[in-house]
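Here's the structure we're looking at; comments come further down.
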Amino acid sequence: MTKDELRKSIRMEKKKVSLADKKLRSQNIWAKVETTPEFKNAKVVLMYWSMDDEVFTHDFVQKWATDKTILLPVVDGDDLRIKAFKGIENLDCDNQFGIGEPQGDDFDNTDSIDLIIVPGVAFDKNKNRMGRGRGYYDKLLSSSKAFKIGVGFDFQVLDKVPTEEFDIPMNRIVAESNIY
């Protein structure tokens with residue numbers, strides 16, 4: 001299956017799951033993430049503010065923002081800039097993807113990021129990740145030494161996803177029923 005065919009197939013699977021069910025399934029994923037030593041020990045965590053078809057992050061970001069420095073990406077052309085999450089009231093959703101993006105200064109101390117939690121369209125059991133095809137995360141991940149956890153629903157974890165030389169693998173994949 002090509003990347004485009006796989007993206008279409010996963011998109012169809014996501015449409016079968018209600019937003020309420022995605023939120024419920026996401027709780028299982030976050031409970032597993034919280035058990036990992038990398039999350040427990042992390043002081044600075046780069047996450048994402050979820051869209052409706054992704055593992056739901058809003059509650060998790062808000063829960064941990066008082067104990068850890070939570071960073072979120074901001075789309076800037078073909079790149080991602082990083083900013084600190086300082087409350088839901090400081091998010092701007094008026095952008096091309098309608099995603100909550102923090103306002104304020106860029107977070108420049110990227111070497112201090114301990115953990116990056118990454119969404120994906122699909123993952124495989126060898127910890128490969130396939131994104132939406134724009135390369136935002138691959139550019140960001142290629143320059144980071146932080147531990148990388150990909151999160152997805154069970155139907156997003158396959159035996160194999162197509163990869164290319166610029167695709168950055170994860171250190172761990174966390175799904176509803178398993179950690180890889």
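Which residues, counting only those in the range 88-108, are in contact (Cβ under 8 Å) with a residue 24 or more places away in the chain, more than 15 Å from Tyr136 (Cβ to Cβ) and either part of a loop (DSSP other than H, G, I, E, B) or not aliphatic (A, V, I, L, M) (or both)? Passing the criteria: Gly98, Gly100, Pro102, Asp106, Phe107.
Considering Ser18, Ser50, Ser9, the condition of being in contact with a His (Cβ under 8 Å, 6 or more places away or on another chain) and among the small types (Gly, Ala, Ser) is satisfied by Ser50 alone. A Cβ distance below 7 Å, combined with a sequence gap of six or more or placement on separate chains, defines the contacts here; from the range 16-44, residues that are within 27 Å of Thr69 (Cβ to Cβ) reach residues that are surrounded by 14 or more Cβ atoms within 10 Å (Cβ to Cβ) and polar (S, T, N, Q) in the pairs Lys43/Thr69; Val44/Thr69. Pairs are defined by a Cβ separation below 8 Å, a sequence spacing of at least 6 or placement on different chains, a first member in the range 155-167 that is in contact (Cβ under 8 Å) with a residue 60 or more places away in the chain, and a second member that is among the β-branched types (Val, Ile, Thr) and assigned to a loop (DSSP other than H, G, I, E, B); the pairs so defined are Gln156/Val121; Pro162/Thr2. The set of residues in the range 1-60 being under 20 Å from Met170 (Cα atoms), among the basic types (Lys, Arg) and either modelled with pLDDT under 95 or loosely packed, with under 12 Cβ neighbours inside 10 Å (or both) consists of Lys3, Arg7, Lys40, Lys43.
Residues of the range 152-161 that are surrounded by fewer than 20 Cβ atoms within 10 Å (Cβ to Cβ) and either out of contact with any strand residue (DSSP E or B) (no Cβ under 7 Å at 6 or more places or on another chain) or basic (Lys, Arg) (or both): Asp154, Phe155, Lys160.
Looking at the range 41-61, which of the residues that are in a loop (DSSP other than H, G, I, E, B) and charged (D, E, K, R) is farthest from Asp154 (Cα to Cα)? Here the answer is Lys43. Among the numbered conditions (1) modelled with pLDDT of 90 or more; (2) closer than 17 Å to Asp52 by Cα, the only one that Asp114 does not meet is (2).
Evaluating Val74 against the criteria (1) touching a Phe, Trp or Tyr at 6+ places or on another chain (Cβ under 7 Å); (2) touching a residue at least 24 places away in the same chain (Cβ under 8 Å) leaves one unmet condition, (1). Within the range 168-180, the set of residues being in contact with a Gly (Cβ under 8 Å, 6 or more places away or on another chain) and assigned to a loop (DSSP other than H, G, I, E, B) comprises Met170, Ala175.
The values are calculated or read from the model by the stated rules, or taken from the named source; none is laboratory data. All figures in this text were calculated on a predicted structure; none of them were measured in a lab. Using ideal geometry, Cβ is built from the backbone for each residue, glycine included, and neighbour counts are taken over all protein chains shown.
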